[in-house]
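Reviewing the structure listed below.
The values are calculated or read from the model by the stated rules, or taken from the named source; none is laboratory data. The structure presented is a predicted model; accordingly, all values stated were derived computationally and were not measured. Cβ atoms come from the backbone with ideal geometry, glycine included; neighbour counts cover every protein chain shown. These area figures cover heavy atoms from the full protein model, side chains too; ligands, DNA and RNA do not enter into them. Shrake-Rupley method; radii C 1.70, N 1.55, O 1.52, S 1.80 Å.
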Amino acid sequence: LVEGRSIDHTTISEFRRKNADALKDLFVQIAMIAREMGCLPLQTLAFDGTRIRSNNRKSGTRTPKALREMKKALAVKFDELETKAKALDELDEERFGDASAHMLAEELSDVTRRQQRVEAAIEQLEQIEQSAQTVPKRLPTTDPESRIMPNKEGGYAPNYTPTATVDGDSGLVVSANVLGRINEDSELISAIEDVQEKFVLDAPPAEVLADGLMATGENLDACQQRGIELYSPIKNQNDGDNPAIREDPTQPVASEDRDRLPIKTATRNKKKYTQLDKRAFVYDEARDCYWCPEGKQLPYKNTTTEKRRGGQRIRRRYQAVSEDCQSCPLLSLCVQGNAKSRMINREQHESLREAHAKKMSTDEAQKKYARRLHPSERPFAVIKHKFGVRQFLLRGLTKVRQEWDWLVTAFNLDRIMGMITSGAGPPPA
């Protein structure tokens with residue numbers, strides 16, 4: 001490509017910036033070569049994300065209020081310096097000298113750069129406010145599209161969240177993205193669809209392996225609609241020792257088993273309290289009600305709807321009869337505050353989560369999920385440790401995504417060459 005010439009870093013950087021579309025095509029071509037070799041079956045995908053520092057120093061952040069105050073202060077400072085500069089031009093150069101003019105010009109230029117950065121950060125802040133998203137407590141000033149997130153090594157700093165969708169058999173990255181937020185759970189389905197589109201598949205890959213963050217009701221619902229088997233750990237998937245799970249939920253839990261009922265610790269009005277967990281109640285789908293540990297019914301009461309992350313959260317509410325609760329031996333552990341009876345909420349995807357938890361408790365599902373670790377973590381390990389990338393060089397989400405595309409493309413080349421050299425990977429199709 002370079003015909004033996006020494007290329008300076010500016011030329012390489014410009015080449016990288018100007019060829020973003022060609023790079024995406026190159027990424028797919030390299031993966032297609034692996035597919036022709038029979039090393040990319042695309043039957044099982046592993047999805048994960050990581051953190052990489054943005055090109056913004058750790059201390060270079062401000063609160064929304066401080067940003068707006070800084071904008072006003074810089075405007076005042078700019079006006080002062082501009083007034084001095086005009087006055088200096090009008091005075092005799094022999095009296096003040098060129099050095100003062102040079103220093104003033106540098107200070108004025110510095111204030112202008114700081115103004116541009118603050119204005120960019122405020123523009124990003126206003127976009128967040130208009131989109132009804134949660135406004136961050138602090139915004140980076142150098143790269144305002146990054147966010148303050150926990151570092152993988154500990155502590156907090158401005159970061160991005162790169163994601164990688166990996167073929168579970170070959171370990172090759174088949175889809176990649178960078179997010180300007182902490183959680184990547186809402187990216188799972190779009191990543192799967194991206195793989196299906198890139199490789200012109202008639203149907204999405206049959207299996208997807210992902211960490212517990214991905215086992216949301218929305219993802220479970222979307223995977224079910226697409227015929228995808230998701231293997232992802234979920235809370236309370238090992239509920240075999242729960243005495244509330246009994247053959248006849250209309251009968252009370254044995255008195256000697258009450259101490260083993262699931263409980264939770266929560267905070268209300270800055271005070272901690274202990275309460276019977278929702279898992280101590282059994283849902284009866286046929287009767288559309290819950291049964292409490294004492295075998296009393298919690299019938300359906302009403303439905304509530306609220307906005308949640310661009311969608312709707314629908315909750316059916318079930319409430320016990322107050323007379324049943326007031327005479328219950330578990331009253332003090334079950335009903336809190338001024339309430340007269342216990343209420344249980346059931347979200348629209350609750351049945352999917354329950355079925356998923358049951359599936360993930362099986363040995364077969366555990367063996368499937370165990371395959372996730374190496375292929376999903378390898379790209380991040382190689383890019384960070386072998387390539388030495390701990391911080392992005394570019395700024396802004398668009399440019400950072402280009403940089404990540406280059407990195408995962410380099411990883412795939414490295415992986416394919418390693419597979420050819422060692423003879424590893426799936427046998428030719």
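What's the ranking of 105-111, 370-376 by average number of surrounding C-beta atoms within 10 Å, highest first?
Order by mean packing, descending: 370-376, 105-111.
So for the chain, what are the equivalent ellipsoid semi-axes in whole Å, largest first, each being the square root of 5 times an eigenvalue of the Cα gyration tensor? Could you put the intermediate results ahead of the total?
Details: eigenvalues 531, 254, 52 Å².
With the √(5λ) rule applied to the chain, the semi-axes are 52, 36, 16 Å.
Report Rg (one decimal) and Dmax (nearest whole number) for region 249-378, counting Cα atoms only, units Å.
When restricted to the Cα atoms of region 249-378, Rg and Dmax are 17.9, 58 Å.
Rounded, prolate or oblate, given the Cα gyration tensor of region 240-325, with a/c below 1.5 counting as rounded?
Details: a/c = 1.88, a/b = 1.30, b/c = 1.45.
Oblate is the answer for region 240-325, as a/c is 1.5 or above yet b/c matches or exceeds a/b.
Using helices alone, what [θ] at 222 nm do you get for the chain, with -39,500 (n - 2.57) per DSSP H run of 4 or more residues, divided over all residues and rounded to the nearest 500?
-13500 deg cm²/dmol
Suppose each label sits 7 Å from its Cα in the direction of the beta carbon; what would the ILE128-ASP248 distance come out to in nanometres?
In this crude spin-label approximation the distance works out to 5.7 nm.
If you stretched the chain out fully between ILE314 and LYS271, how much longer would it get, using 0.36 nm times the residue separation minus the C-alpha to C-alpha distance?
Value of the extension gain: 12.7 nm.
Given 4 °C and 1.567 mPa s, how large is the Stokes-Einstein diffusion coefficient of region 353-429 in µm²/s, with Rh as the Kirkwood radius over Cα pairs?
Once the numbers are plugged in, D ends up at 84 µm²/s.
Quick check on packing: order 220-231, 59-70 by the mean number of other C-beta atoms within 10 Å, highest mean leading.
220-231, 59-70
Which of ALA355, MET32, ASN412 sits farthest toward the positive end of the charge dipole of the chain, with +1 on the Cβ of Lys and Arg and -1 on the Cβ of Asp and Glu?
So the residue furthest toward the plus end is ALA355.
By a straight-distance test (C-alpha under 18 Å), which aspartates and glutamates pair with LYS86 as possible cross-link partners, with residues fewer than eight away in the same chain excluded?
GLU94, ASP98, GLU106, GLU107, ASP110
Using 5 Å bins from zero, what percent of all Cα-Cα pairs in region 117-270 falls into each bin?
1, 7, 11, 13, 12, 12, 13, 11, 8, 6, 3, 1, 1, 0
Of all DSSP beta bridges located in the chain, what percent are antiparallel, nearest 5?
The antiparallel proportion sits near 85 percent.
Find, among the chymotrypsin sites (Phe, Trp or Tyr not before Pro) in region 321-429, those assigned to loop by DSSP (not H, G, I, E, B) with at most 13 other beta-carbon atoms within 10 angstrom. Provide the component values of the computation, followed by the final result.
Working: sites: TYR369, PHE380, PHE387, PHE392, TRP404, TRP406, PHE411; in loops: PHE387, PHE392.
Passing sites in region 321-429 are PHE387.
State the volume of the convex hull built on the alpha-carbon positions of region 180-332, expressed per residue in Å³ and rounded to an integer.
Expressed per residue, the convex hull around the Cα atoms of region 180-332 is 180 Å³.
Past the 19 Å Cα-Cα mark, which pairs from LYS24/LYS152; LYS264/LYS301; LYS152/LYS399; LYS152/LYS384; LYS307/LYS358; LYS271/LYS307?
Over 19 Å Cα-Cα: LYS24/LYS152; LYS264/LYS301; LYS152/LYS399; LYS307/LYS358; LYS271/LYS307.
Past the 13 angstrom mark, what percentage of all C-alpha to C-alpha distances in region 1-48 do you count?
That fraction is 72 percent.
Might you work out the accessible area of LYS198 for me, using a 1.4 Å probe with all protein chains in place, and round it to the nearest 10 Å²?
Accessible area of LYS198: about 60 Å².
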